[in-house]
1. When you look at S113, is it over 16 Å from G50 (Cβ atoms), without any contact (Cβ under 8 Å) to a residue 40 or more places away in the chain and of a type in the set (G, A, S), yes or no?
2. If the requirement is being in contact with a strand residue (DSSP E or B) (Cβ under 9 Å, 6 or more places away or on another chain) and touching a residue at least 40 places away in the same chain (Cβ under 8 Å), which of these qualifies: T66, T106?
3. Quick check on my filter: what residues within the stretch 94-110 are closer than 15 Å to K47 by Cα and open to solvent by less than 40 Å² (accessible area, probe 1.4 Å)?
4. May I ask you to list the residues in the stretch 204-243 that are assigned to a loop (DSSP other than H, G, I, E, B), open to solvent by 50 Å² or more (accessible area, probe 1.4 Å) and in contact with a Phe, Trp or Tyr (Cβ under 9 Å, 6 or more places away or on another chain)?
5. Taking the condition touching a Ser or Thr at 6+ places or on another chain (Cβ under 9 Å) and farther than 26 Å from P102 by Cα, does T187 pass?
6. Of the conditions (1) out of contact with any Asp or Glu (no Cβ under 6 Å at 6 or more places or on another chain); (2) in a helix (DSSP H, G or I); (3) charged (D, E, K, R), K537 satisfies every one except a single condition; which number is it?
7. Do we have G188 as open to solvent by 20 Å² or more (accessible area, probe 1.4 Å) and either free of Cβ contacts under 8 Å to residues at least 12 places away in the same chain or at positive phi (or both) here?
8. Of the residues in the stretch 520-550, how many are more than 21 Å from N493 (Cα to Cα), in contact with a helix residue (DSSP H, G or I) (Cβ under 8 Å, 6 or more places away or on another chain) and either open to solvent by 30 Å² or more (accessible area, probe 1.4 Å) or acidic (D, E) (or both)?
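The values are calculated or read from the model by the stated rules, or taken from the named source; none is laboratory data. All values reported here derive from a predicted model rather than from experimental measurement. So basically every Cβ, Gly included, is an ideal-geometry build from the backbone, and we count neighbours across all protein chains shown. Please note that ligands, DNA and RNA were not included when accessible areas were found on the heavy atoms of the full protein model with its side chains. Shrake-Rupley method; radii C 1.70, N 1.55, O 1.52, S 1.80 Å.
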Amino acid sequence: MKNIKLKFLSALFAILSIGVLSACGDDNNDPAPSIDFKLSATEVDFKQGGGDREITVQCSSAPEVTTDASWALTLGKPAAVGSKGNLYKFTVSAPVNDATDPRTATVTVKAGSQSGTVKITQAGTGFKLTEDAVSSTQFAMGGGAATVKFVTLSDYTVTPSASWITTTEESKADDAVTLRVNVAPNTGEAREGSVTIDAGGSTATVTVKQDAYDASAVNMSSNARQLAAKIYAGVNIGNTMETPDKEASWNCPRVNRDYIRGLKAMGFNAVRVPCAWDSHVTDKANNTIDPAWLDRVDEVVSWIVDEGMYAIVNIHWDGGWLEDNINKGYQESINKKQHDYWTQIATRLNGYDEHLLFAGMNEPGMNGGISGGLDAIMKYQQTFVDAVRATGGNNAVRVLINQGPSTNIDETVKASYKLPTDKVADRQMVEIHMYDPSDYTILEKGRKDGNADAWADYAKYYWGSEFHLPGSVRNTTWGNESDIEKQLKKMYNTYASKGIPVIMGEYACQVRDASAPDIDMERFEKSRAYWTRFVTKTAKDNGCVPFYWETGGDINRTNGSVRLKYAIDGLMQGASEGIYPF
């Protein structure tokens with residue numbers, strides 16, 4: 001009986017088990033819940049430099065990703081995201097595209113019967129010379145510049161093949177680049193070089209050719225006396241390119257061509273260009289001047305010479321690295337700078353004819369004094385002359401200017417000061433400055449406070465007995481007409497009479513206005529015009545070439561128009577009245 005019950009129960013359990021298993025099997029065959037297939041991106045753009053992009057897939061099962069790319073596009077393995085089991089992500093990685101043209105590919109994503117595609121685009125270098133670019137350019141012996149234009153979507157490098165070729169980026173707008181290729185003057189045989197531009201592995205080469213040096217093709221025939229006699233009146237571009245940080249940081253605008261043309265229209269035929277160099281050095285260990293600054297000075301000089309005017313380029317105060325250290329005696333480190341700077345300046349500007357003159361310093365010893373430093377001044381000037389001459393070409397005979405100690409007349413005429421030795425005869429001038437009487441020309445504020453270390457007297461407003469105001473403390477008491485004649489006569493006797501012209505590199509009386517205490521403006525202006533006229537005339541009569549110091553008070557520095565006509569009229573009248581003794 002018991003066995004019958006057990007058999008019955010076993011059979012019943014087997015039947016129920018089959019039914020349950022059958023029911024479970026029916027559930028697994030039902031369709032899975034429907035999940036919409038969705039890609040987070042159907043188009044991906046890579047830059048030329050490549051990179052990674054993550055794409056998310058919404059689908060019912062783990063997807064597979066493939067690509068038809070013939071280039072090294074990399075696909076990461078999809079990984080589940082979150083706990084629902086319907087989100088996956090994978091990475092698309094593109095390497096750098098070194099080709100000029102862009103490239104494309106398609107990534108296909110499949111999940112069961114569901115699928116989608118992602119369009120992949122990657123930019124190329126986009127590099128090519130534009131239609132108006134030069135692929136080969138010929139330069140005259142004097143050098144110059146040419147413009148190369150190209151487009152690129154990537155970073156680029158420029159490699160000149162020789163030291164006489166330099167480049168600067170003139171402009172860059174979006175993918176368009178304008179490159180300036182600068183070629184130094186050639187002082188030897190004809191030569192050829194190149195500039196290679198590399199953008200993301202794509203390259204282009206511009207061939208650079210230059211004619212040989214031909215001395216007969218350049219006018220360098222005038223000696224110092226002949227050249228001095230050609231200069232009618234000179235002017236300084238003061239407080240502009242000599243500022244020790246950047247051009248125009250002393251409230252004078254950058255030099256432009258209209259200003260230069262205005263100077264010529266005014267009657268000037270020579271321009272002194274005071275320059276800083278030490279603050280434009282890119283490699284202090286080697287005293288390397290920034291090529292962009294050499295370009296800028298070259299540009300300004302070209303504007304002057306293109307107008308038929310003469311130009312003087314100097315090393316000005318320049319932060320005082322040389323001029324303020326004269327009283328410490330000769331220093332080899334300073335001498336090396338003098339040599340290195342002038343080698344670079346002279347090399348870059350070698351192509352100009354006799355319209356360009358070089359001046360080795362400005363006012364050596366003006367700040368700090370010259371005690372114990374006279375020998376240093378003369379050694380630094382010898383280094384200047386030797387460095388320029390060593391560059392050859394036009395510089396082998398270019399007229400050079402050396403500054404007397406502190407550009408002070410009394411110090412410059414002393415027998416202890418001697419000009420450098422030059423292997424070329426009659427190609428040197430000497431420079432002095434004239435600001436007598438200084439309480440009239442320079443002193444800004446009158447004071448009478450009893451301070452022994454300060455200026456004791458009032459600033460003066462009236463020079464020349466004709467313009468003295470009876471009983472006024474503003475009348476000058478020294479440095480009158482006879483004093484100025486006496487001083488400039490010293491320069492004639494010591495130098496001009498012996499065939500060495502003198503550059504009066506700076507002279508001016510500062511502008512005053514109606515805010516000055518107890519000033520008679522009409523009397524002051526007439527006096528100032530007279531001083532300017534008298535000094536200009538007297539300088540020329542004594543073999544001194546006048547270069548007026550100007551910082552924007554008398555002349556509009558933007559367009560070269562006259563601001564204070566009375567001053568310029570006085571200067572030009574003096575220039576017409578003066579007669580050089582050579």
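1. Details: over 16 Å from G50 (Cβ atoms): yes; without any contact (Cβ under 8 Å) to a residue 40 or more places away in the chain: yes; of a type in the set (G, A, S): yes.
Considered against the rule, which asks whether it is over 16 Å from G50 (Cβ atoms), without any contact (Cβ under 8 Å) to a residue 40 or more places away in the chain and of a type in the set (G, A, S), S113 comes out as yes.
2. On the way: T106 fails: touching a residue at least 40 places away in the same chain (Cβ under 8 Å).
Sole residue among the options that is in contact with a strand residue (DSSP E or B) (Cβ under 9 Å, 6 or more places away or on another chain) and touching a residue at least 40 places away in the same chain (Cβ under 8 Å): T66.
3. First, pick out the residues of the stretch 94-110 that are closer than 15 Å to K47 by Cα: 94-105.
Listed by number, the residues that qualify are A94, N97, A105.
4. At the first step, the residues of the stretch 204-243 found to be assigned to a loop (DSSP other than H, G, I, E, B) are 211-214, 218-223, 231-233, 237-243.
Filter again for open to solvent by 50 Å² or more (accessible area, probe 1.4 Å), leaving 211, 213-214, 219, 221, 232.
Those that are assigned to a loop (DSSP other than H, G, I, E, B), open to solvent by 50 Å² or more (accessible area, probe 1.4 Å) and in contact with a Phe, Trp or Tyr (Cβ under 9 Å, 6 or more places away or on another chain): D211, Y232.
5. Working: touching a Ser or Thr at 6+ places or on another chain (Cβ under 9 Å): yes; farther than 26 Å from P102 by Cα: yes.
Yes, satisfied.
6. (1)
7. Working: open to solvent by 20 Å² or more (accessible area, probe 1.4 Å): yes; either free of Cβ contacts under 8 Å to residues at least 12 places away in the same chain or at positive phi (or both): no.
So G188 fails the test.
8. Matching residues across the stretch 520-550 total 5.
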